[in-house]
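Notes to accompany the following structure.
What follows draws every value from the coordinates through simple rules; no lab data is involved. Keep in mind the model is a prediction, meaning the values are calculated, not measured. Here Cβ is always computed from backbone atoms with ideal geometry, including for glycine, and neighbour counts include all displayed protein chains.
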Amino acid sequence: MIEYLQKNAGEIITALGQHIYISVIAAVIAIAIAVPLAIVLIDHPKGGELVSQIAGVIQTIPSLAILGLLIPLVGIGTLPAIIALVLYAIMPIFQNSYSGLTNIDPILIEAADAFGVSKRFKLFRVQLPLALPMIISGIRIAVVLIIGTTTLAALIGGGGLGTYILVGIQTNDDHALVVGAVLSALLALLANAIIKILGRVSLKKIVIVIGTLLIMFGGYTITTKLLAQRTQTITIAGKMGGEPEILINMYKDLIEANNPNVNVELKPNFGGTSFLFKALNSGKVDIYPEFTGTVMQSLVQTSDKVSHNPQKSYQEAKRLLQKQFGLSYLKPMKYENNYALAVRSDDAKKYKLSTLSNLTKVSDQLTAAFDPDFYQQSDGYPGLKMTYGIEFLSVKTMEPALRYQALANRKIDVTDAYTTDPQLRQYNLTTLKDDHGFFPSYQGAPLMKTSFAKKNPQIVKSLNQLADKISTREMQEMNYQVSVKHRKAAVVANEYLIKHKLIEQ
């Protein structure tokens, strides 16, 4: 653990800074909305009740659903994360502020009125000081909630400590998982203690502290944007897992090696296919690696049967993406990362399983867990079920890295796999032959808007260097280095490019 911290100290500090930045901005905005709103509604009980109900309804919506709805509107990164966090934090701050302001002893309010003081004097010298303990309590609850929920920002490229939690889960790296979880918990405890101390100081000093934070973080944001304008910045995102992260790091190295005025911003572990495709079409992501089989089965509309010939499948995917969405699909890599179903090798022997047709005969005795994409896409479990008539004893969804552990630990009996997954080798698993030819060909290639490709021909040229490169064995070995040996995807990707003379050392 000490070695891990020493090796990744700089990146951990950066992630911690991102986490604090997002959390503070969200907390300050939530306070700036909820407390004044509670003040305005002091004498309007119906309005106060309505706002409480609306805030309560928002909190019942899953955070991932809110993030998904925000991506087409405001893009990816910190902005949608901050908006979602503000929505979640408003309820505890508003409810406590409203309760504190409306439950003050009426005798004290009557006394203030009897003295003939102004509304402003009564608010700042009587009501707010008396309600302050309740307001501070609501802020403490909201800040702890914000810090915990900020970990989800990593799913949409917002950064923060959630990145280490995702990496830990995806690559089965306990060190990364502990770093992300423990630092998030410590940050929440520290914030709770600071707010507790602020509760003992005057209202004027609290306002000064909040104002100072707004100025600091506002200045940081403006400076960052001004610096970013000096070079062209493009955003490359990848799905969850080690392999997409390797690919997007290759894209980054190739582009920056040949285009010195271009800065590439990576968004690894971005989420599933639908998240990425929406982000690409809305212009919030410029490039991401996609596979032909997923394009044909889930992204484009076609009445034709999907070809199992890799070249035909790619050409058709390219044509339909251009026609239906105005997207350019660059030349594919050599390897095919096809879907398969995997079982433990001893179960393969026990049930005499070598093909998916064999599995059909005993599927009602087995439990399965699938990646969320595979579970819902037509090229995954729904289509497989119809083609082979497979009926499992139970089926659930599970994140990629976790489902392999569950299979190895006999918590489930069957899972989906990619033919380049290193866990097949790590856990001694058997993949079943697709004897009915259900799964289409899956060749990966960069996907981007055609307008972007026309404006950036040099970037297209750089990425096309990967065309017909990387064999299945090479990809599986790189995945093994990242997911099992816990080496950084950026390092593994860079080593491959240098070894094959695609970039200079």
Given the Cα-Cα distance of LEU189 and LYS385 and 0.36 nm per residue of separation, how much length would full extension add, in nm?
65.8 nm
Rounded to whole angstrom, the alpha-carbon centroid of region 279-327 lies from that of region 64-88 at a distance of 26 Å
About the Cα centre, charge dipole magnitude for region 339-432 (Lys/Arg +1, Asp/Glu -1 at Cβ), debye:
400 debye
Rounded to the nearest 500 deg cm²/dmol, what is the calculated helix-only ellipticity per residue at 222 nm for the chain, with -39500 (n - 2.57) per DSSP H run of length n ≥ 4?
-19000 deg cm²/dmol
Hey, rough spin-label estimate for LYS485 and THR60, points 7 angstrom out along Cα→Cβ, what's it come to in nanometres?
5.1 nm
Peptides 73-83, 53-63, 296-306, 243-253: what's the order by average Cβ count within 10 Å, highest mean first?
243-253, 73-83, 296-306, 53-63
Where in the chain are the helices, taken as whole DSSP H runs, whose Cα atoms extend 18 angstrom or more along the long axis and whose Kyte-Doolittle mean reaches at least 0.0?
9-40, 45-60, 78-102, 128-149, 174-198, 203-228
Rounded to two decimals, what ratio of Rg to Rh does region 2-228 give with C-alpha atoms and a Kirkwood Rh?
1.04
The chain pair-distance distribution - Cα-Cα, 20 Å bins, rounded %:
20, 47, 25, 7, 0
Classified through the alpha carbon gyration tensor (a ≥ b ≥ c as square roots of its eigenvalues; rounded if a/c is under 1.5, else prolate when a/b is larger than b/c, else oblate), region 339-432 comes out rounded
Taking r as the C-beta separation of ARG319 and GLU3 and R0 as 41 Å, the FRET efficiency to the nearest 0.05 is 0.20
Region 333-394 versus region 1-48: alpha-carbon centroid distance in Å:
43 Å
